[in-house]
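There's a structure below that I have some questions on.
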Amino acid sequence: MQERRELHKLLIRNLGHPLFRRLTGEYPVPGRVDELDEIYRLPREELLRRQWEKLRHVVKAAYESCPYYTELLDGVGLKPEDIRTPDDYAKIPFLTKAIIRKRGKDMLAWGADPAKLVESGTAGTTDMPTKFYRTKEVGQEKWAQTASFNRWYGWDVGDPTAFLWGAAMDIYAPVSLRGRVKKFLINQDILLPTVPLTEQELEHHWKKLETFSPHTIQGYPVPLYLLARHVKVAGGRLNLPDLRAIVATAEPLYEYQREVVEEMFPCKVYDRYGARETGLISQECVAKRALHINTEGVYLEIIADGKPAKEGETGEVIVTDLHNTTMPFLRYQLGDVAALSTHACGCGSGLPVMHSITGRVGDLVVLPNGVMVPGFWFPARLVKYAPGVDQLQVIQEEPSRFTIKYVPGASFSTEDMVKMREMFEILFGKESRADFVRVEDIPRDRSGKTRACISKVSADFLGVRPE
């Protein structure tokens, strides 16, 4: 089996990726990941110099090509050449999801045709999902940067990988011929759905992982924890002799989760922080002392009380994408909370570091029958089925009783309300009841985040309470 896997890996790296890139334009040009490996080894001063030059380039492109940014910078009396220091850059007002929804067309570069771009959307973990666009070339670069960071854990292109990720309705959907060809040419992986997540599903995932024996697992922290907890309660231990690393991403990784997962899996768990809008933001090094910032891909600020946060001070994460000039994201409010550090990491990397994300991205809904559903899946589905809803928050009051707060948008109609009720029943079951409450705004919690889900049940169910 090992020899067959190595052969498949070689075919993917030397034949599959180049062929699929030629056919579709996806994936980076050969050698780009190797180039990035060398760049990320540069001294901090050089990394920061490159980052600043990229920032100035994207600001110039935004101002010259995008109506929204031309209007925005003119409104605060700024020209791209005026931005010489971080303080100058901080004069640009924040970008929010609400602005993207309202002014998205004006954020596109003049002449950009959405039909010829790659459309994507936010996951909706802290707000309603939002559409955005980028070119294939930007997607290639984001992929290459992630692939370079993957190598920190011995995870390379073509390695067998398991993803504890997504919903059954997405994963088990019919796969096109293009999708099947893509999987054969460039992937050696399995996808294990996290919605719905029952004890039976966890048992299935346990056996599936042992049969597949991946080199790497990537997944949401909560499902990873629930799987490890399931194995522990059953008195077992995961038999995964080839496993090198587990990468937890998409929501905060708490220490109680890491401890249980590392107890039951034969490897270390590493934290990764990113966003669909901007790609990889930071990642934990093998020394597990800090999250290293991806200076080739993003420019990061931490803002507290409207000013740059001090060393170690917690504040709101503000991120700028250094590559997307077709629909630029300048000073974008992600809704997360973190802290920066000026100290070098003991691992020897020159990449600047940040402390763990302290903001809470989502919560876990636990239904009376034991089914577990990440709360953000409800708003994540509504972007397609009820586009008239601007904001939404799920509050689980009791196992089968919910309060759904929603902020109607300008196009809100009775059809949106019908779709909300239908989707609620699909995700949470006919036995569950919900009070739909129309509100003017969804308030932020004490951490500064607008939480997509607040469960008053999950902490007791799990027997723990996150710090």
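For region 271-293, does any single residue satisfy the condition of being surrounded by fewer than 15 Cβ atoms within 10 Å (Cβ to Cβ), closer than 26 Å to THR211 by Cβ and assigned by TED's automatic domain parsing to the domain that holds ARG151?
no
While we're looking at this one, here's another question. Only residues that are free of Cβ contacts under 8 Å to residues at least 40 places away in the same chain and either crowded, with 16+ Cβ neighbours inside 10 Å or part of a loop (DSSP other than H, G, I, E, B) (or both): list them for region 104-114, please. Spell out how you get there, then give the answer.
Here is the first cut: in region 104-114, the ones free of Cβ contacts under 8 Å to residues at least 40 places away in the same chain are 105, 111, 113-114.
Across region 104-114, the qualifying residues are GLY111, ASP113.
Right, next: Report, ordered by the first and then the second residue, all pairs with beta carbons closer than 9 Å, sequence separation of six or more or different chains, a first member in region 67-84 that is farther than 21 Å from ILE100 by Cβ, and a second member that is small (Gly, Ala, Ser) and not in a helix (DSSP H, G or I).
As it stands, the answer is none, since no pair meets every condition given.
Among the residues of region 309-320, is there at least one that is assigned to a strand (DSSP E or B), in contact (Cβ under 8 Å) with a residue 60 or more places away in the chain and β-branched (Val, Ile, Thr)?
There is at least one residue in region 309-320 that is assigned to a strand (DSSP E or B), in contact (Cβ under 8 Å) with a residue 60 or more places away in the chain and β-branched (Val, Ile, Thr).
Here's something else I'd like to know. State the number of residues belonging to region 75-101 that are farther than 14 Å from TYR299 by Cβ, surrounded by 16 or more Cβ atoms within 10 Å (Cβ to Cβ) and among the aliphatic types (A, V, I, L, M).
4
Yes or no, residue by residue, for (1) touching a residue at least 60 places away in the same chain (Cβ under 8 Å); (2) buried (at least 18 other Cβ atoms within 10 Å of the Cβ); (3) farther than 12 Å from PHE163 by Cα:
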| position | (1), (2), (3) |
| --- | --- |
| HIS205 | no, yes, no |
| ALA228 | no, yes, yes |
| VAL233 | no, no, yes |
| ARG237 | no, no, yes |
| PRO241 | no, no, yes |
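Sticking with this structure for a sec: Could you look through region 297-335, keep only residues that are of a type in the set (Asp, Glu) and surrounded by fewer than 24 Cβ atoms within 10 Å (Cβ to Cβ), and pick out the one that is farthest from THR96 (Cα to Cα)?
Our first condition is that a residue be of a type in the set (Asp, Glu); within region 297-335, this holds for 301, 305, 311, 313, 316, 321.
Pick out the ones that are also surrounded by fewer than 24 Cβ atoms within 10 Å (Cβ to Cβ) and you get 301, 305, 311, 313, 316.
Values: GLU301: 15, ASP305: 17, GLU311: 25, GLU313: 22, GLU316: 13 Å.
Top of the filtered list is GLU311.
Mind listing whichever residues of region 248-301 are assigned to a loop (DSSP other than H, G, I, E, B) and under 17 Å from LEU36 (Cα atoms)? Lay out the reasoning, then the answer.
Going residue by residue through region 248-301, those that are assigned to a loop (DSSP other than H, G, I, E, B) are 249-254, 265-267, 276-278, 285-290, 294-297.
Within region 248-301, CYS285, ASN294, THR295, GLU296, GLY297 meet the criteria.
Still on this structure: Being of a type outside the set (Asp, Glu) and more than 25 Å from the chain's Cα centre (by Cα) is the filter here, so list the residues in region 191-207 that pass it. Quick ask: steps written out before the conclusion?
Initially, region 191-207 is screened for residues of a type outside the set (Asp, Glu), giving 191-198, 200, 202, 204-207.
Selection gives GLN200, HIS204, LYS207.
Taking the conditions exactly as written (over 13 Å from LEU164 (Cβ atoms) and among the hydroxyl-bearing types (Ser, Thr, Tyr)), does THR314 satisfy them or not? Steps first, please.
Details: over 13 Å from LEU164 (Cβ atoms): yes; among the hydroxyl-bearing types (Ser, Thr, Tyr): yes.
Spelling it out, THR314 is indeed over 13 Å from LEU164 (Cβ atoms) and among the hydroxyl-bearing types (Ser, Thr, Tyr).
The values are calculated or read from the model by the stated rules, or taken from the named source; none is laboratory data. Because the structure is a prediction, the values reported are computed rather than measured. Don't worry about glycine lacking a Cβ; one is built from the backbone with ideal geometry, like all the others, and counts go over all protein chains shown.
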